[in-house]
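A.B. asks: One structure follows; several queries about it will come next.
The values are calculated or read from the model by the stated rules, or taken from the named source; none is laboratory data. All values reported here derive from a predicted model rather than from experimental measurement. Every residue, glycine as well, gets a Cβ built from its backbone with ideal geometry; the counts of neighbours run over all protein chains shown.
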Amino acid sequence: MATDTQTTRTVSEKFVERLGAQDPEGIQELFAEEIDWHVPGSDALPWTGRRTRREEVAPYFTTMWPHFAPGMSQVVLERVIVEGGDAVLLAVWTHTAAATGKEFTTPAAMHLVVEDGRIVRMHLYEDTLSVGQAFNAG
């Protein structure tokens, strides 16, 4: 069954809100049981890769966030484009790698797909080279 644009917008807004609040369990509850999740990047970065189950969502964030220097991140959400069950979030983020002190900035796009009020797909597109270099994992 096709998801209407308003439902997708509402779920996407909740996702962004919970992301900003660093609420990994709240983010996880927005996802369907079976998911298509892909965050490309170096195998040396433990949060990158594919995930297929809802219970893998919160650990993604609790694994990733400690690798960023506290208080040194900036996320600018530039635009959210929603059509039917698809949402594309366009942003620029700047983080500092805690281990190296290196700052990196990357434009990013996140593609969410919502079905029956739950996120079934999350694919992230970012400058994986600059992320890897900041963590010396390039």
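A.B. asks: For region 113-138: of the residues being in contact with a Ser or Thr (Cβ under 6 Å, 6 or more places away or on another chain) and buried (at least 17 other Cβ atoms within 10 Å of the Cβ), which is farthest from residue 68 (Cα to Cα)?
C.D. replies: 114
A.B. asks: Now, a different point. For region 64-95, name all the residues that are of a type in the set (Gly, Ala, Ser), in contact with a Ser or Thr (Cβ under 8 Å, 6 or more places away or on another chain) and part of a strand (DSSP E or B). Reasoning before the result, please.
C.D. replies: At the first step, the residues of region 64-95 found to be of a type in the set (Gly, Ala, Ser) are 69, 71, 73, 84-85, 87, 91.
Narrowing further to those that are in contact with a Ser or Thr (Cβ under 8 Å, 6 or more places away or on another chain): 69, 73, 84-85, 87.
Within region 64-95, 87 is the sole residue that qualifies.
A.B. asks: With respect to the numbered conditions (1) over 22 Å from residue 135 (Cα atoms); (2) not in a loop (DSSP other than H, G, I, E, B), which one is the sole condition not fulfilled by residue 61?
C.D. replies: Evaluating residue 61 over (1) over 22 Å from residue 135 (Cα atoms); (2) not in a loop (DSSP other than H, G, I, E, B) leaves (1) as the failure.
A.B. asks: Looking only at region 40-88, which residues are closer than 23 Å to residue 6 by Cβ and loosely packed, with under 15 Cβ neighbours inside 10 Å?
C.D. replies: 78, 79, 81, 83, 84
A.B. asks: Then there's this: Go through region 96-112 and count every residue that is in a strand (DSSP E or B) and either among the acidic types (Asp, Glu) or surrounded by fewer than 16 Cβ atoms within 10 Å (Cβ to Cβ) (or both).
C.D. replies: The first filter runs over region 96-112 and keeps only residues in a strand (DSSP E or B), leaving 96-97, 103-112.
Among the residues that remain, those that are also either among the acidic types (Asp, Glu) or surrounded by fewer than 16 Cβ atoms within 10 Å (Cβ to Cβ) (or both) are: 103, 105, 107, 109, 111.
Final tally of qualifying residues: 5.
A.B. asks: What pairs come up if the first residue lies in region 1-26 and is exposed (fewer than 14 other Cβ atoms within 10 Å of the Cβ), the second is assigned to a loop (DSSP other than H, G, I, E, B), and their beta carbons are under 8 Å apart, counting only those six or more places apart or on different chains?
C.D. replies: Correct list of pairs: 1/116; 2/84; 2/85; 4/84.
A.B. asks: Let me ask another. What number of residues in region 13-33 are of a type in the set (Phe, Trp, Tyr) and either at pLDDT below 95 or touching a helix residue (DSSP H, G or I) at 6+ places or on another chain (Cβ under 6 Å) (or both)?
C.D. replies: Qualifying residue count, region 13-33: 1.
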